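One structure is given below, encoded as structure tokens.
The values are calculated or read from the model by the stated rules, or taken from the named source; none is laboratory data. Small disclaimer: the values here were computed from a predicted structure and weren't measured. Note that each Cβ is placed from the backbone with ideal geometry, even for glycine, and that neighbours are counted across all protein chains shown. Each accessible area value is taken on the protein alone, full model and side chains, heavy atoms only, with ligands, DNA and RNA left out. Shrake-Rupley method; radii C 1.70, N 1.55, O 1.52, S 1.80 Å.
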Amino acid sequence: MNLILLGAPGAGKGTQAEILCERLNIPTISTGNMIREALKSGTEMGLKAKAFIEAGQLVPDEVVIGIVDERLRQDDCKNGFILDGFPRTIPQAEALDRMGVTIDRVVDINVPDEVIARRVSGRRVCLDCGNTYHIETKKPHVDGVCDRCGSTLVQRKDDQPETVQERLSVYHAQTEPLRDYYAAAGKLLVMDGQMDIQEIAEKTLEQLKA
């Protein structure tokens, strides 16, 4: 089964991808990991991406699409895959179609902006051991101090309210139109991202089998 996961930053796509990957026994393919693997292996597209990265530029669509194409041709994708973070735009989705890649279902983890903002901006991280907390749902025993190693907890720049709103705005402008694109093709499955993580996964699997 070939799947795409959609959802705004902070909607929990990564966690769902991990669960579905294990349950369906197919690889999860994220854009960041694909680019890192291409750079490491020194493929043609990886070398092209490296040139842009070293110049401090964004990797252009045609290179990202080429990296995706290379990755999907690998043996572990023969029985299916989960795309997380690609496509991000209508042109990327159209490029995927031109590559002859058949997408069976597109799972959209739907969470209201205000919930995402509360989830993400409340996150606190220990930079020493990597432990993650939340000011509402996962508080440390001592405010601002990591339970595991005693280091100070911080709010990452990506989790600051202004950054979260900016990322949501980009998502709504560039990626959200994919919902209509895949709904028109009869492939969109919308899941309530406010449910328990395991419940979302179980209901998603039920729908995929239907």
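Counting only residues that are open to solvent by 60 Å² or more (accessible area, probe 1.4 Å) and farther than 21 Å from ARG23 by Cβ, which one in region 75-99 is farthest from the chain's Cα centre (by Cα)?
Checked region 75-99; the qualifying residue farthest from the chain's Cα centre (by Cα) is ARG98.
Of these, VAL68, VAL64, which one is open to solvent by less than 40 Å² (accessible area, probe 1.4 Å), over 30 Å from SER121 (Cβ atoms) and not polar (S, T, N, Q)?
Checking each option against the conditions leaves just VAL68.
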Report summary line: When restricted to ARG148, ARG179, the only residue touching a residue at least 12 places away in the same chain (Cβ under 8 Å), open to solvent by 40 Å² or more (accessible area, probe 1.4 Å) and under 24 Å from LEU3 (Cα atoms) is ARG179
Report task. Report, by residue number, each residue of region 23-57 that is among the hydrophobic types (A, V, I, L, M, F, W, C), part of a helix (DSSP H, G or I) and surrounded by fewer than 16 Cβ atoms within 10 Å (Cβ to Cβ). Result -> LEU47, ALA51, PHE52, ILE53
Requested in this report: Please work out if VAL115 is farther than 27 Å from PRO91 by Cα, outside any loop (DSSP other than H, G, I, E, B) and among the β-branched types (Val, Ile, Thr).
Outcome: yes
Query - Filter result for the condition that a residue is open to solvent by 60 Å² or more (accessible area, probe 1.4 Å), under 30 Å from ALA95 (Cβ atoms), of a type outside the set (D, E, K, R) and within 19 Å of the chain's Cα centre (by Cα), over GLN165, GLN194, GLN198 - result: GLN165
